[in-house]
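Have a look at the structure below, then the notes.
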Amino acid sequence: MTKTLFDIDLSIIPPERLNEAQARDELARLSAEISEHDKRYYQQDAPTVSDAEYDALRLRNAAIEQRFPQLVREDSPSKRVGAAPVEAFGKVEHKIPMLSLDNAFTREDVEDFLDRIRRFLNLPGDEEIELVCELKADGLSFSARYEKGVLVRGATRGDGVVGENITENLKKVLPSTLVGNFPEILEVRGEVFMARTDFEALNKSREAKGEKLFANPRNAAAGSLRQLDPAVTASRNLSYSLYGWGEVSDSFFDGVSTLKECLEKLSSFGLSIMHLWRATPDGWRVYTTSRIDDLISMYNLHCSIRFKIPYDVDGMVYKVNSLELQKRMISTSRAPRWAIAHKFPAEQAKTVVEAIDIQVGRTGALTPVARLKPITVGGVVVSNATLHNEDEIARKDIHIGDVVTIQRAGDVIPQVVEVDKSQRPSNARKFHFPESCPECGSLAIREPGEAVRRCTGGLTCPAQSRERLRHFVSRDAFDIEGLGEKQIEAFWSEKLIAEPADIFHLHRHAAALKTREGWGEKSVGNLMAAIDARRNIGLERFIYALGIRHVGETTARLLARNYGNYDAWVRAMEAAGDTASTAYQELCAIDGIGEKVASEITGFFREPHNRTVLDALAREVRVKDAEAVASNSPVAGKTVVFTGTLTRMTRSEAKARAESLGAKVAGSVSAKTDFVVAGEDAGSKAKKAKELGVNILSEEEWLELIRG
Ligand code: AMP
Ligand code: ZN
């Protein structure tokens, strides 16, 4: 610790007046002091300070960190959620991202998948591609890192790039040491799940104790794994299967060239790997085939016996077996190109529509919801189904009182498939869609060409402001532990919070909160800590959390990557309000952002109220810069346009490769373009590049450049 010249008591200096050296000392002192209090509070049940004093320490810590982000300590209290028997979930960065999977629903989708691969790699149409076929288990994905054969770290998928640290919990599910000839570093990836019978037994015992029930086995598995107390994890009957790997030592690939061989290798280390339920006649551990008919019959077989499999399986996954080909098909930021999930069809059931209600969403959309006579579909009780919009009700001719077929697929909201008109009762009533908002009474209008009717009340509409807040704290946005939809709803209706920034002022109401039903010192303390923990937030989460229409996670990530930091993004979005500006052109030129999205974003920024909300929020949190991908490549951060016919690679391959090296690929040439890669017969884009003086490269030169 650096000594200050005069021995002054730093704790009385307000955060905004500390200099950097003092701030460093203060953060060290606060960290030690807070963790001491945590120990007394959580482990010894003997706190020595009041909650208010404790909160003040944490707030001071957060305020100093906000001013001096470079000083945030590894062991900072802001990185801990309360203090629990195990170090509460820290963050684990996945050096190799954990991705999702693209979906197929029909045989045609699977054929398209294979065609896409052939096109991407420029293979002949009849080229056989060998695929691994395995079950898609419906659980929680994890990554586990073994070093020298010892399990040293476990993590959830999180947002794919950063997950939660669940090391201690995973040790209760996976072997803690490996056997056989394992490589020095081995990060394995798989799914943790719970058998349906265990799920039912667990829920029964929870019900008896008056505890909240889990909605399905997957949630139960997730809830059991994301436990601060690993003893709880151990008490639940969890299983796991591996389907892949992350970072591994090179020696892992010695003597193997296929996915199948890698999986078998994992199995030889004493780990359990994903396999088919029905073993094939010659006892394959990992099933491969290059015939689509084989895939489909394997799929049909497993679909028909899915209820006999003890745990939930929501489809099959097909993956390119050759590691060489996988490598060439660089993954998108969301999913690998070399794999697809062939989903089982949704489960269906018949029930009665008892009423139709209108819900108002965060963008003002009026969504009709069918209130159903409760029915069990695929093990879950369903009592609501979405009806999408008024046209949908008309098209399906749904009356109140009708008997309908509903279906449920995975996590999505159940839907009404069709009406059984033969069972329509004589008193069935037609539904009249309201022309005003049921929550605020404002006119609800349908823009020409739009299927959705929207409330025009904007933020004066309570439903819209409430929904925005709910979105703000949701899992992929700020994800504040202990601040779910229910609490938001309650705090909002009691006027404790009206806009996102208010969440960060909740500590002012800590005393009042503690007197609430079901809340005590500890839970309020935990909530405050969870809120503080989110004062540092990544740019893409931040953008996503704003809930701008059409700006989902993918778009938020594109924006974050493209603009890099919060200030640059805000400045650019303001400038882009003028559609003649270069800022606007640049926004539209981002691959994946069209005019429609661009106009929603600039519209958001033009609205003064949104700016006030945004500024207030920005004062409360520190928005971390977007991480540059592969920043050591010569094209990282550069904007590239491909034009003309490429001969050495397909356009998609070129684009994927460039993006994986951190370049931005744009569709049109502007002054912001760094390189135009011109293939054969390059036309107007090359011409424009010449006019603008942009660097034009041949395909060969480009390949040379990225080879570094
Ligand atoms: P989704 O849940 O739609 O994002 O699908 C991707 C997830 O499926 C992965 O993150 C895994 O957790 C899970 N999964 C289950 N079985 C498999 C499998 N055999 N191969 C790959 N992923 C699987
Ligand atoms: Zn309204």
Fill in the blank from the handout: Counting only strands (runs of 3 or more DSSP E) entirely within the range 81-151, those with at least 2 residues that are modelled with pLDDT of 90 or more are 131-137, 140-147
Problem - Residue check, Glu168 in the same structural domain as Ser241 (by TED's automatic domain parsing), part of a loop (DSSP other than H, G, I, E, B) and at pLDDT below 95 - result: no
Problem - Tally, over the range 429-440, of residues that are surrounded by fewer than 18 Cβ atoms within 10 Å (Cβ to Cβ) and either within 15 Å of ligand 2 (Cβ to nearest atom) or of a type in the set (Gly, Ala, Ser) (or both) - result: 5
Practice task
Of the numbered conditions (1) hydroxyl-bearing (Ser, Thr, Tyr); (2) surrounded by fewer than 18 Cβ atoms within 10 Å (Cβ to Cβ); (3) in contact with a His (Cβ under 9 Å, 6 or more places away or on another chain), Thr332 fails exactly one; give the number of that condition.
Solution key: (3)
Problem - the range 529-540 residues that are at pLDDT 90 or above, paired with ones that are part of a strand (DSSP E or B) (beta carbon under 7 Å, 6 or more apart) - result: Arg535/Arg622; Asn536/Arg622; Asn536/Lys624; Ile537/Val623; Ile537/Lys624; Gly538/Lys624; Leu539/Val623; Leu539/Lys624
Exercise for the section: Looking only at the range 470-485, decide whether some residue is touching a residue at least 60 places away in the same chain (Cβ under 8 Å), assigned to a loop (DSSP other than H, G, I, E, B), within 16 Å of ligand 2 (Cβ to nearest atom) and buried (at least 18 other Cβ atoms within 10 Å of the Cβ). Expected result: no
Problem - Residue satisfying all of: in the range 286-338; small (Gly, Ala, Ser) and outside any strand (DSSP E or B); modelled with the lowest pLDDT among these - result: Ser333
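One line per residue, one yes/no per condition, for (1) closer than 22 Å to Val92 by Cβ; (2) more than 16 Å from ligand 2 (Cβ to nearest atom); (3) under 20 Å from the mean Cα position of the chain (by Cα); (4) crowded, with 16+ Cβ neighbours inside 10 Å:
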| residue | (1), (2), (3), (4) |
| --- | --- |
| Asp159 | yes, yes, yes, yes |
| Ile166 | yes, yes, yes, yes |
| Leu174 | yes, yes, no, yes |
| Thr177 | yes, yes, no, no |
Fill in the blank from the handout: Residues in the range 208-250 that are assigned to a loop (DSSP other than H, G, I, E, B) and in contact with a strand residue (DSSP E or B) (Cβ under 6 Å, 6 or more places away or on another chain) total 2
Fill in the blank from the handout: Leu443 vs (1) surrounded by fewer than 15 Cβ atoms within 10 Å (Cβ to Cβ); (2) more than 16 Å from ligand 2 (Cβ to nearest atom): all pass except (2)
Practice task
Give the residue that is nearest to Phe605 (Cα to Cα), with candidates limited to residues of the range 565-593 that are in contact (Cβ under 8 Å) with a residue 40 or more places away in the chain and not in a helix (DSSP H, G or I).
Solution key: Asn565
Practice task
Test each condition in (1) in contact with a helix residue (DSSP H, G or I) (Cβ under 7 Å, 6 or more places away or on another chain); (2) farther than 30 Å from Arg67 by Cα; (3) not polar (S, T, N, Q) for Leu617 and report the one that comes out false.
Solution key: (2)
Problem - Residues being in contact (Cβ under 8 Å) with a residue 24 or more places away in the chain, acidic (Asp, Glu) and surrounded by fewer than 19 Cβ atoms within 10 Å (Cβ to Cβ) - total across the range 675-699 - result: 2
Practice task
Count, please, the residues in the range 217-249 that happen to be within 20 Å of the chain's Cα centre (by Cα), of a type in the set (S, T, N, Q) and buried (at least 19 other Cβ atoms within 10 Å of the Cβ).
Solution key: 2
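The values are calculated or read from the model by the stated rules, or taken from the named source; none is laboratory data. Here the structure is a predicted model, which means the values were calculated and not measured. Every residue, glycine as well, gets a Cβ built from its backbone with ideal geometry; the counts of neighbours run over all protein chains shown.
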